[in-house]
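Shown next, in structure tokens, is the structure this report addresses.
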Amino acid sequence: MQVLRPATLDEALGLMQRPDARPQPIAGGTDLLVSWHHRVKEGLRLMDLSRIGALRAFRLTDDSLELGALTTYWDVITSEDVARAFPLLEQAARQVGAVQIQTRGTWAGNIGNGSPAADGVPVLMAYDATVTLASARGQREVALCDYWTDYKKTVKADDELIVGIRVPRRPCDVEWFHKVGARSAQAITKVGVAMVHSAAGWRVTANSVAPFVCRCRTMEAALDRGEVFQSPDDVLKVISRDVSPINDLRSTAAYRLTVLSRLIYYRLAELAAA
């Protein structure tokens with residue numbers, strides 16, 4: 001195994017140009033260590049990005065929140081300004097692992113790992129986040145909701161790195177996130193959902209119910225039309241067009257659909273009552 005430690009972004013992007021020996025980038029390394037026994041093999045090349053200071057910075061402006069590729073969950077948890085502007089980010093960050101994971105794990109790493117159960121991705125997606133990709137050829141932004149094409153498959157080119165995340169800042173009158181798991185933290189999500197409403201319309205995102213974290217566009221369109229749901233079963237009929245849960249060790253597909261539809265229905269009922 002070889003570990004490369006570039007000191008600058010240009011150096012890192014240069015290393016990504018070598019198709020015969022392209023390294024696997026890591027930031028906090030929390031996902032790598034969990035699956036260490038599967039990933040470590042002869043010839044493995046890792047690229048540790050932790051020395052690149054330009055990727056660590058994050059900033060909140062009047063227009064957006066910009067998270068560097070090395071911005072951790074703890075950075076968001078400990079920023080009162082970010083927590084006020086994007087409360088769902090703080091709520092989700094506090095449910096990722098424990099403090100040890102929160103201080104090392106990165107938002108970009110949560111995206112890069114591509115787990116359908118990723119805790120940080122639904123809230124970023126509900127806020128219409130974009131992913132900044134860079135290579136020696138230049139930079140481009142991709143909407144987070146369009147980043148994955150299938151399980152662990154993305155639009156990122158082999159020579160590109162995730163260098164940042166941008167979250168537009170806009171007033172919201174609904175911001176809600178709920179994670180169903182064996183525990184509130186240190187547990188993989190069985191079903192997760194985030195809902196945001198702003199001038200851009202409704203955003204409904206879910207994890208652990210499809211090959212990747214997804215926007216529930218059929219549900220969003222129904223809410224934008226002002227559709228009123230009379231029961232959880234009415235929600236289920238709509239949301240089932242957006243997701244494709246599976247049976248696995250943690251839950252069944254039927255359980256996931258039932259829980260997701262009820263979470264959405266009862267939250268909408270609470271909003272209507274208020």
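The values are calculated or read from the model by the stated rules, or taken from the named source; none is laboratory data. From a predicted model like this one, the values you see are computed outputs, not experimental measurements. In this analysis, Cβ positions are derived from the backbone assuming ideal geometry, glycine residues included, and neighbour counts consider all displayed protein chains. Surface areas here come from the heavy atoms of the whole protein model, side chains and all, with no ligands, DNA or RNA. Shrake-Rupley method; radii C 1.70, N 1.55, O 1.52, S 1.80 Å.
Taking E227 as the residue in question, decide whether it is among the acidic types (D, E), closer than 30 Å to R59 by Cβ and over 14 Å from the mean Cα position of the chain (by Cα). For E227, the condition - among the acidic types (D, E), closer than 30 Å to R59 by Cβ and over 14 Å from the mean Cα position of the chain (by Cα) - is not met. Considered as a group, the residues in region 134-154 that are more than 15 Å from the chain's Cα centre (by Cα) and of a type in the set (A, V, I, L, M) include one that is least open to solvent (accessible area, probe 1.4 Å), and that residue is A134.
Identify all residues within region 101-124 that are of a type outside the set (A, V, I, L, M, F, W, C) and farther than 15 Å from L32 by Cβ; write none if there are none. Don't jump to the end; show me each part of the working.
Filtering region 101-124 down to residues of a type outside the set (A, V, I, L, M, F, W, C) leaves 102-106, 109-110, 112-116, 119-120, 122.
Those that are of a type outside the set (A, V, I, L, M, F, W, C) and farther than 15 Å from L32 by Cβ: Q102, T103, P116, D119, G120, P122.
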